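What follows is a short report on a single structure.
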Amino acid sequence: DQVILAPDTHAERQYMPDWTDQSSVLGLLDCGYFDTQQMDQWSASNVHYIVRASISINPEIVACSSNPKLVGKKLKDAYSKFKKRQPTDLQVRWKGCQHNVRLIVRWNREQKQFESLATNLPEDPFSADDVRQSYRLRWQIELLFKEWKSLTNLKKINTRNPEIAEGLIWASLIGALLRRIMAYQSEQAVDRVLSTWQASKLGTSQITEYWRWFV
């Protein structure tokens with residue numbers, strides 16, 4: 001595991017980890033990491049992934065068990081044939097790629113548009129619902145980012161010195177980790193679910209005594 005600190009203006013994709021020849025990996029990726037050539041390389045290396053696709057994608061459909069008549073059509077031309085009450089499981093391919101991509105398309109009622117998850121997990125034993133439920137685990141990453149932004153005062157670092165800024169960021173993340181440890185240990189002690197937000201409300205002196213009690 002690793003954390004990379006980079007300016008917010010940098011593109012996400014350049015910080016992709018190297019998953020070459022790691023067949024035990026299942027990457028859960030946001031649409032900022034969507035790259036057809038990269039997915040093709042992962043399939044060649046037996047690396048599995050689930051990545052949210054951009055709404056602008058328009059690959060060719062090469063297989064559709066629920067409606068074989070869609071084979072050979074472009075994705076955007078087939079939207080009108082998809083059922084909104086259940087996801088559509090497709091095999092698609094982009095020009096220049098050697099491997100097919102499994103695409104699970106579902107209707108988003110709130111945004112009133114189709115959204116897609118691209119993966120190379122096989123249909124057997126991974127159903128479309130299994131893929132969707134697995135991707136939901138990525139929400140834990142977003143919750144962690146939200147915790148870091150809300151509880152670590154990362155927006156209030158008042159310095160232009162990059163070395164000082166990096167040191168303060170790491171100190172803030174270590175503080176967030178300690179809060180999680182304290183919340184977890186408290187859960188074990190009182191046998192109830194506690195939030196890191198509650199742990200963060202402890203004052204500096206209270207946190208010191210609190211930590212000594214557990215250590």
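The values are calculated or read from the model by the stated rules, or taken from the named source; none is laboratory data. Since we're looking at a predicted model, the values are computed, not measured. Every residue, glycine among them, receives a Cβ derived from its backbone with ideal geometry; neighbour counts consider all protein chains shown. Quick note on the areas: whole protein, heavy atoms, side chains included, nothing else; ligands and nucleic acids left out. Shrake-Rupley method; radii C 1.70, N 1.55, O 1.52, S 1.80 Å.
Of note:
- Per residue, the solvent-accessible area of the stretch 1-91 (1.4 Å probe, heavy atoms of protein chains only, all protein chains present) comes to 64 Å².
- Reachable aspartates and glutamates from residue 84, criterion Cα separation under 19 angstrom, eight or more residues apart if same chain: 110, 115, 129, 130
- Taking amide H as placed 1.01 Å from N in the peptide plane, the amide H of residue 48 sits under 5 Å from that of 25, 27, each at least 5 places away or on another chain.
- Size descriptors for the stretch 62-102, from the alpha-carbon set: Rg then Dmax equal 10.4, 33 Å.
- For a straight C-alpha distance cut-off of 13 angstrom, the aspartates and glutamates reachable from residue 74 (same-chain residues fewer than eight places away being disregarded) are 60.
- Dmax and Rg, reported as Rg then Dmax, of the stretch 107-153 (C-alpha, Å): 14.8, 46
- Prolate/oblate/rounded label for the stretch 1-151 (Cα gyration tensor, a/c 1.5): prolate
- With 27 Å as the limit, the listed pairs 69/112; 83/146; 73/112; 81/112; 95/146 have 83/146; 95/146 beyond it between alpha carbons.
- Solvent exposure of the stretch 93-138 as accessible area per residue, Å², 1.4 Å probe: 63 Å²
- Surface composition of the stretch 52-189: carbon and sulfur atoms hold 50% of the protein heavy-atom accessible area at a 1.4 Å probe.
- When peptides 67-76, 105-114, 38-47 are ranked by their average number of other Cβ atoms within 10 Å per residue, the highest-first order is 38-47, 67-76, 105-114.
- What the Cα convex hull of the stretch 47-118 gives, in volume per residue, is 95 Å³.
- Cα pair distances of the stretch 11-68 binned at 10 Å [whole percent]: 19, 48, 27, 5
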